[in-house]
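So the structure is just underneath, and the comments pick up after that.
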Amino acid sequence: MIAGTATGTDTEAVSGAPGSGTAGAADSRTADAGVSRTTGSDDSGTAAPADFTDRRWSLDELADFYAYPRTGEGAGWLRANMVSSLDGAAHHEGRSQPLSSDADMRIFGVLRGLADAVVVGAETVRKEGYRPARAREAFAARRAAAGQHPAPAVAVVTASLDLDFSQPLFTEPLVPTVVVTGAGADEDRVRTARKAGAEIVFAGEGGAVDPSRVVGALAARGLTRLLTEGGPRLLGQFAGSGALDELCLSLAPLVVAGDASRIMNAPVTTVPERFVLASVLEEAGFLFTRYRRS
């Protein structure tokens, strides 16, 4: 069962009749879900108790729930999706998959299905063996109506361009992979990336990438709905530069101990930045939280 709370427009996004969309075989698993929402006031003026209703939510309804907000002309929205253990580990033995679950992967798929581009650090590409995002029939009509490509592009943030351009991420993408680097990056590596079919986006004047400029640089290419999946160093840089708009954090009911990094691994911020809770879902002990920058 998924039990959840929703606030603001998120409540409106999930209230109403069940969607009628159908999913392909790979997308047919849905969750028994309930959303907690305030049902208004009683005659005394006191808010009525939250209404918990168990039901099955379709992928279309989850997509409505996680829909990107409208942004200004040329502006982008950067959403992060990360998983963490109860004791704060972002991975187990170097990979995030052991912390995941069916529900986590379902939401992961929905978030990808809504994005123009998945933004990821080069180290995560190497460790996780990233492959191109695939088109999913469940999101085909929604993406076409929004003017999106059949699948999100993968945008790799890297200063060194130390990437294996023979990997499927570059040789088999449905949508060309984007390499985000600094304007001062090694010219030979830039030429190699372009020869492999990657699109180059410069975000920063020097060799390093300026995290505060990544969203704007991608938005200028028409990639405004952005989803970052880390890793911890890149996510910390985005948060520290004020570029992160939203964090979707899956909390796994697991304790792994050890010395794994947190979901963010970057220099401490001068002043902690406050985020506000937008929604919470629960399934099988996993909490799926969503916070937006206040």
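The values are calculated or read from the model by the stated rules, or taken from the named source; none is laboratory data. What you see is a predicted model; the values in this text were computed from it and never measured. Cβ placement follows ideal geometry from the backbone for every residue including glycine, while neighbour counts extend to all protein chains displayed. To get the accessible areas, we keep the full protein, side chains included, count just its heavy atoms, and leave off ligands, DNA and RNA. Shrake-Rupley method; radii C 1.70, N 1.55, O 1.52, S 1.80 Å.
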Exercise. Can you list the residues, at least 5 places off or on another chain, whose amide H is less than 5 Å from the amide H of residue 199, using H built in the peptide plane?
Worked result: 177, 178, 179
Exercise. How big is region 213-294 by the Kirkwood estimate over distinct Cα pairs, in Å?
Worked result: 14.4 Å
Exercise. Residue 200 versus residue 126, label points 7 Å from Cα toward the beta carbon: distance in nm?
Worked result: 2.1 nm
Seminar exercise, completed: Expected vector for region 278-283, Karplus 3J(HN,Hα) from phi with 6.51, -1.76, 1.60 and θ = phi - 60°, integer Hz, x for Gly and Pro, equals 9, 6, 9, 10, 9, 8
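Please give the net charge around residue 183, taking every other residue with its beta carbon less than 12 angstrom from that of residue 183, where Lys and Arg add +1 and Asp and Glu add -1. Walk me through the intermediate numbers first.
Values: positive: 213; negative: 186, 187, 205, 210.
Within the 12 Å Cβ shell, the charges total -3.
So, counting K/R as plus one and D/E as minus one, what does the shell of residues with Cβ under 14 Å around residue 172 add up to?
Details: positive: 131, 134; negative: 164.
Taking every other residue near residue 172 into account, the sum is +1.
So between residue 171 and residue 183, what do we pick up on full extension, going 0.36 nm a residue minus the alpha carbon distance?
Working: separation 12, 0.36 × 12 = 4.32 nm, distance 2.41 nm.
Gain on extension, residue 171 to residue 183, equals 1.9 nm.
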For this session: Grab the Cα-Cα distance for residue 271 and residue 135, subtract it from 0.36 nm times how many residues apart they are, and report the gain in nm with one decimal.
Result: 44.9 nm
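Assigning unit charges at the beta carbon (Lys, Arg +1; Asp, Glu -1) and nothing else, what dipole magnitude in debye, to the nearest 20, does region 189-258 show about its Cα centre? Present the calculation step by step, with values, prior to reporting the outcome.
On the way: 8 positive and 6 negative charges, 88 e Å.
Around 420 debye, computed over region 189-258.
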Exercise. By the scheme Lys and Arg +1, Asp and Glu -1, what is the net charge of all other residues having a beta-carbon under 10 Å from that of residue 288?
Worked result: -1
Seminar exercise, completed: Note: region 70-199, point scatterers on Cα, Debye, no solvent; log10 I/I(0) at q = 0.19 Å⁻¹ equals -1.21
Exercise. Can you put 276, 179 in order of accessible area, largest first, using a 1.4 Å probe?
Worked result: 276, 179
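Trypsin sites (Lys or Arg not before Pro) within region 196-294: which are DSSP loop residues with at most 10 other Cβ atoms inside 10 Å? Each step should come with its number before you reach the end.
Values: sites: 213, 221, 225, 233, 262, 274, 290, 292, 293; in loops: 221, 262, 274.
Within region 196-294, the qualifying trypsin sites (Lys or Arg not before Pro) (loop, at most 10 other Cβ atoms within 10 Å) are 274.
If you take the beta carbon distance between residue 67 and residue 162 as r and set R0 to 41 Å, what does 1/(1 + (r/R0)^6) give as a FRET efficiency, to the nearest 0.05? Mind dumping the intermediate values first?
On the way: r = 36 Å, r/R0 = 0.88.
Result of the calculation: an efficiency of 0.70.
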